[in-house]
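Trainee: Provided herewith is a single structure, encoded as structure tokens, for subsequent inquiry.
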Amino acid sequence: MIRSITLQNFKSFGARQTVPLEPITVLVGPNNSGKSSFMSVGRFVSNLVVGQGQDAVTQEGGSHFLFHRPYIYAPRHGENLVLGWETDLGSTYVLELSHSSRSGVIPSSEELSAPEAGLSIRFQHPNRFIVRGVQTHYSPGNLAQALKLVVGEEDKRMLSFWQPLAYSRMVKLSLRALRADSEVVPEPQLTPEGAGLAAVLGLWRGSRPEKVEELESFLQKCLPEVRKALVRPAPTPGHQRLWLRQHDGEEFDAEHLSDGVLCFTALTMHAIEAGPGQIIFIEEPEHSIHPRRLRELVDLLKELTLAKKCQFVIATHSPVLLNAFRDEPEAIVLFRRSDTGTRVSRLRDIPHLREALTNAPPGDMLESGFFNQDF
């Protein structure tokens with residue numbers, strides 16, 4: 001599990017900030033406070049690991065948007081962008097990226113410390129490679145390749161150190177994408193917007209029936225009128241469409257399902273699809289969903305974190321969703337924008353808010369403006 005993520009000069013983050021993470025972490029703050037910047041970390045790391053570095057920068061809008069803007073014009077918080085994380089085992093990883101008009105964005109250094117494996121590596125680009133404090137003559141292209149050269153068989157688990165973020169997923173649903181028919185492809189995937197529902201459900205029916213059973217069981221529990229989730233050919237050749245069958249026998253396709261039912265189904269599928277150790281970033285799941293369904297969705301996420309050891313990070317403005325974490329104030333992280341960029345703090349670490357929490361649930365505090373105070 002990722003225990004925390006540290007950012008400096010990354011988008012809205014100027015001065016270094018460490019964001020603590022729980023199995024489920026709820027981000028709260030006004031618009032433009034930096035929640036979306038943080039939610040994009042997984043996508044950026046994923047593109048760095050599985051693709052080319054410059055492509056990852058381009059995906060974030062280029063260096064102008066990737067680096068904290070005051071830094072672009074006049075360095076205020078250090079010259080480099082810093083991105084790192086710590087696991088629950090105490091392992092840490094830190095990446096520094098530098099920017100210049102001539103070279104663009106390039107890595108300056110990577111550092112990995114894994115006390116449980118007795119391993120420490122510092123890779124200063126382009127070719128200074130230090131293992132357990134001793135400089136070597138290896139010349140790997142990056143730290144991931146370097147690890148393969150130095151870890152023993154007993155430490156192969158270190159090669160999956162990037163997995164939670166490298167294979168993380170962003171969920172930001174779009175009704176247009178949800179209602180669209182799915183193209184039939186060999187290995188369909190759910191997109192962040194929700195496209196591909198029918199194709200993924202079809203894959204589950206063919207090779208992962210336990211996932212279909214889990215989906216239908218949860219839908220039947222939360223949406224009593226729903227009996228079965230179906231996949232049928234769409235009017236366009238090579239495409240499929242999602243249908244839901246009700247207990248009375250009536251069936252509705254994705255074009256005619258209510259917004260709430262469609263969003264709830266998509267979020268449930270995204271949650272069920274989460275793999276062991278994976279982090280799923282969910283933007284404002286409250287859109288179109290009934291408050292009671294939202295509480296039930298949180299219950300599902302909590303069950304999945306126990307069963308799969310996965311993590312969820314949720315950005316929200318919903319008092320109902322916040323109230324589901326009244327007894328877990330450590331899971332609520334407040335975001336603020338300041339002169340030095342985004343600042344973060346756990347709700348439980350702010351004395352006057354922790355005291356106020358004894359008299360009112362966090363959702364009520366959000367509505368009454370308690371979270372608008374500085375910290």
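Trainee: Of the conditions (1) farther than 21 Å from ASP181 by Cβ; (2) among the hydroxyl-bearing types (Ser, Thr, Tyr); (3) assigned to a loop (DSSP other than H, G, I, E, B), THR236 fails just one. Which one is it?
Mentor: (1)
Trainee: Oh, and also: Name the residues in the stretch 221-233 that are free of Cβ contacts under 8 Å to residues at least 24 places away in the same chain, outside any loop (DSSP other than H, G, I, E, B) and in contact with a His (Cβ under 9 Å, 6 or more places away or on another chain), would you?
Mentor: Correct list: ARG227, PRO233.
Trainee: Oh, and also: Looking at ALA307 and the list (1) in the same structural domain as VAL26 (by TED's automatic domain parsing); (2) surrounded by 15 or more Cβ atoms within 10 Å (Cβ to Cβ); (3) at pLDDT below 95, which single condition is not satisfied?
Mentor: Condition (2) is where ALA307 drops out.
Trainee: Still on this model: Within the stretch 17-32, track down each residue that is at pLDDT 95 or above, closer than 27 Å to GLU79 by Cβ and not hydrophobic (A, V, I, L, M, F, W, C).
Mentor: GLN17, THR18, PRO20
Trainee: Does ARG354 satisfy being touching a strand residue (DSSP E or B) at 6+ places or on another chain (Cβ under 8 Å), basic (Lys, Arg) and assigned by TED's automatic domain parsing to the domain that holds LEU294?
Mentor: No, not satisfied.
Trainee: So which residues in the stretch 1-33 are part of a loop (DSSP other than H, G, I, E, B), in contact with a Leu (Cβ under 9 Å, 6 or more places away or on another chain) and not hydroxyl-bearing (Ser, Thr, Tyr)?
Mentor: MET1, ASN9, LYS11, ARG16, PRO23, GLY29
Trainee: For THR265, indicate whether it is over 28 Å from the mean Cα position of the chain (by Cα) and hydroxyl-bearing (Ser, Thr, Tyr).
Mentor: Taking the combined requirement at face value, the residue does not satisfy it.
Trainee: Quick check: anything in the stretch 252-259 over 19 Å from ARG179 (Cα atoms) and not in a strand (DSSP E or B)?
Mentor: Among the residues of the stretch 252-259, not one is over 19 Å from ARG179 (Cα atoms) and not in a strand (DSSP E or B), which makes the answer no.
The values are calculated or read from the model by the stated rules, or taken from the named source; none is laboratory data. A quick note: this is a predicted structure, and the numbers were derived from the prediction, not measured. Reconstructed Cβ throughout: ideal geometry from the backbone, glycine too, with neighbour counts over all protein chains shown.
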